[in-house]
Amino acid sequence: MLSFEHLYATLPDPLWVASQATPVAQPELIAFNAPLAEELGAKEIPDTATLAQWFSGNQPMPGANPGALGYAGHQFGNFVPQLGDGRALLLGEVIDQHGTRRDVQLKGSGRTPFSRGGDGRSPLGPVLREYLVSEFMAAMGIPTTRALAAVTSGERVVRQMAEPGAVFTRVANSHIRVGTFQFIATRQDEQALKALADHVIARHYPEAASAEDPYLALLEAAVARQAVLIARWMSIGFIHGVMNTDNSSIAGETIDYGPCAFMEQFDPQKVFSSIDQGRRYAFENQPAIAQWNLARFAETLLPLMREEGDALIAQATDTIRHFEPLFDAEQRRLHADKLGLEAQSEHAKALMEGLEIQMHQGRMDMTATFDALTQYAASPSDEHYEALLTLTTQPDELAQWLKAWQVVAVASKDAERLSVMRQANPIIIPRNHRVQEVIDAAYDGDFAPFHTLLAVVTKPFDDSADARRLAAPATQSEQVLRTFCGT
Ligand code: AMP
Ligand code: MG
């Protein structure tokens, strides 16, 4: 079905280590992303039973050459020199319809040489969560790994309790992480480091190859992609939850969806993950953490760079500092879009700060607020005005802010700006309580709610009865306060 290539497998050991999937008892297909398969060049899609065999790892997909990838990582600030794919297998790469090389990976396919104490398996819950959230991010145009398939294994995996097991198939521009570079750097193998860096340049940043110092240019380009990525996450309230260096993609994609969640009531300090006790990965900390991760990346590249001594350090430090203006510029652009202002509006910053205060103090739901604002911009009726005021516990203060906003908002008069505003403000996000509901139903054998939610979150700007029903913020009793890795 897919024409595999195996370029990463040619890199020095142990960046890639051959490993086989462990068959599961009774694979059954939950979902298969046919449009993505087509994008990857699939012509004929086999029957469901064959897909279940392939995407569980029970039968090797023709042309696949499975291997586990080595990487290290700073986990919550502590360096672990060897992590690696403990429950994932790279099947190979395919060249997609745009000519881009993309990884296809099984996750939950059994133990590998990097498994340490783990069972190499994945429970069904995290598989469904990653499927939903990553496909929503893709629909929002936010760089992300994609979901190609999900299969139940017919086996139980034991975590806090026994849960149904599943295998997830994900597609990434690559699975190369900051931690991949750290893995090689700690081994002080300069040849392998250069091979990895050259692979990344050729694959993700070809323009860096012709720069005076390609490795400095690689760092610069990676910084720019991360800055844009984090600004985009934050524009829709996304909290990754585990921004360890091993979960930070060199290609600038969102990767390794674990206890990630979307902020509902706006709160800059919001944390969902039960394991993030120190609040290291709180909503507002994400840009600083991304920058910290990039500094770890920079350290690994120093031996390859041209400059030497203090000048080398100064140059790398400067490059990392570029993150801030790049992030600010992207954020300003996104804020103008979200507020229906002119693209370069000088009012975006102050107005957004004002609205964030309103959302925080007035306990407003972030997605509902921007959706209501978009509806009001589209048709400034009393009804839409009142709808906005019902979202806050401080209607008088919000009314003041709305007055200031109306003076400069152009979306009501400018169809193009209105459409940009709509595209910046989804009607629906995969809300935590909805994702949980879908997982609970699946654990009872009912996958219909999963498919319904998937259909609406992958069309996040379409207004429909289903979308409106599933878009509603959680009531007090429905709220999910904590999320778990579940790995
Ligand atoms: P994650 O929290 O998914 O980013 O994983 C962190 C590290 O733990 C990676 O090296 C994973 O491969 C490994 N890991 C997570 N879950 C398992 C598992 N069930 N079996 C083996 N290794 C695992
Ligand atoms: Mg990870």
request  = Test each condition in (1) touching a Gly at 6+ places or on another chain (Cβ under 6 Å); (2) open to solvent by 20 Å² or more (accessible area, probe 1.4 Å); (3) of a type outside the set (Asp, Glu) for Asn244 and report the one that comes out false.
outcome  = (2)
key: Sole exception among (1) surrounded by fewer than 23 Cβ atoms within 10 Å (Cβ to Cβ); (2) outside any loop (DSSP other than H, G, I, E, B) for Leu90, by number   = (1)
note = Counting only residues that are touching a residue at least 60 places away in the same chain (Cβ under 8 Å) and not in a helix (DSSP H, G or I), the range 351-371 contains a total of 3
inquiry  = Checking the structure you have, find out if any residue of the range 132-153 is open to solvent by 10 Å² or more (accessible area, probe 1.4 Å), over 23 Å from Val456 (Cα atoms) and over 16 Å from the mean Cα position of the chain (by Cα).
reply    = no
inquiry  = If I go through the range 104-118 residue by residue, how many of them are closer than 16 Å to Arg156 by Cα, assigned to a loop (DSSP other than H, G, I, E, B) and open to solvent by 10 Å² or more (accessible area, probe 1.4 Å)?
reply    = 2
ask   = Which residue pairs have Cβ atoms under 8 Å apart, sit 6 or more places apart or on different chains, and have a first residue in the range 320-335 that is under 19 Å from Met421 (Cβ atoms) and surrounded by 19 or more Cβ atoms within 10 Å (Cβ to Cβ) and a second that is modelled with pLDDT of 95 or more and among the β-branched types (Val, Ile, Thr)?
value = Glu330/Val228
query = Could you give every pair whose Cβ atoms fall below 7 Å, whose first residue belongs to the range 165-181 and is without any contact (Cβ under 8 Å) to a residue 60 or more places away in the chain, and whose second residue is away from ligand 1 (no atom under 13 Å from the Cβ) and open to solvent by less than 10 Å² (accessible area, probe 1.4 Å), counting only separations of at least 6 or pairs across chains?
reply = none
remark   = Here the qualifying pairs (Cβ atoms under 6 Å; residues six or more apart or on different chains; first in the range 240-252 and closer than 15 Å to Leu219 by Cβ; second open to solvent by 10 Å² or more (accessible area, probe 1.4 Å) and away from ligand 2 (no atom under 11 Å from the Cβ)) come out as Thr245/His74; Thr245/Arg296; Ala251/Asn173; Ala251/His204; Gly252/Pro143; Gly252/Arg225; Gly252/Gln226
key: Enumeration of residues in the range 359-387 that are of a type in the set (S, T, N, Q) and open to solvent by 20 Å² or more (accessible area, probe 1.4 Å)   = Gln361, Gln375, Ser379, Ser381
inquiry  = Given (1) open to solvent by less than 10 Å² (accessible area, probe 1.4 Å); (2) more than 16 Å from ligand 1 (Cβ to nearest atom); (3) under 11 Å from Ala290 (Cα atoms), identify the lone condition not met by Ser249.
reply    = (2)
task = Being more than 16 Å from ligand 2 (Cβ to nearest atom), free of Cβ contacts under 8 Å to residues at least 40 places away in the same chain, assigned to a loop (DSSP other than H, G, I, E, B) and more than 23 Å from Gly125 (Cα to Cα) narrows it down to one of Gln59, Gln20, so name that one.
result = Gln59
query = Listed residues Val223, Val228; which is open to solvent by 20 Å² or more (accessible area, probe 1.4 Å), in contact with a helix residue (DSSP H, G or I) (Cβ under 7 Å, 6 or more places away or on another chain) and either free of Cβ contacts under 8 Å to residues at least 60 places away in the same chain or under 21 Å from Ala295 (Cα atoms) (or both)?
reply = Val228
Considering residues of the range 1-15 that are at pLDDT 95 or above and open to solvent by 50 Å² or more (accessible area, probe 1.4 Å) only, the residue nearest to Gln53 (Cα to Cα) = Ser3
inquiry  = Among the residues of the range 39-52, are any open to solvent by 40 Å² or more (accessible area, probe 1.4 Å), more than 16 Å from ligand 1 (Cβ to nearest atom) and in contact with a Phe, Trp or Tyr (Cβ under 6 Å, 6 or more places away or on another chain)?
reply    = no
task = Hey, can you tell me all the residues within the range 257-292 that are buried (at least 22 other Cβ atoms within 10 Å of the Cβ) and within 14 Å of ligand 1 (Cβ to nearest atom)?
result = Tyr257, Pro259, Cys260, Ser273, Tyr281
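Determine whether the range 316-323 contains at least one residue that is touching a Gly at 6+ places or on another chain (Cβ under 8 Å) and either outside any loop (DSSP other than H, G, I, E, B) or of a type in the set (Phe, Trp, Tyr) (or both).
no
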query = For Leu341, all conditions in the list (1) surrounded by 18 or more Cβ atoms within 10 Å (Cβ to Cβ); (2) more than 18 Å from the chain's Cα centre (by Cα); (3) part of a helix (DSSP H, G or I) hold save one; what is the number of the exception?
reply = (3)
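Any residue at all in the range 146-154 that's part of a helix (DSSP H, G or I), in contact (Cβ under 8 Å) with a residue 12 or more places away in the chain and touching a Phe, Trp or Tyr at 6+ places or on another chain (Cβ under 7 Å)? Please lay out each step first, then the result.
Filtering the range 146-154 for residues part of a helix (DSSP H, G or I) gives none.
Taking every residue of the range 146-154 in turn, none turns out to be part of a helix (DSSP H, G or I), in contact (Cβ under 8 Å) with a residue 12 or more places away in the chain and touching a Phe, Trp or Tyr at 6+ places or on another chain (Cβ under 7 Å).
The values are calculated or read from the model by the stated rules, or taken from the named source; none is laboratory data. This is a predicted model, so every value here is computed, not measured. A quick note on method: Cβ atoms are made from the backbone with ideal geometry, for glycine too, and the neighbour counts reach across all protein chains shown. Keep in mind that these areas ignore ligands, DNA and RNA; they rest on the heavy atoms of the full protein, side chains included. Shrake-Rupley method; radii C 1.70, N 1.55, O 1.52, S 1.80 Å.
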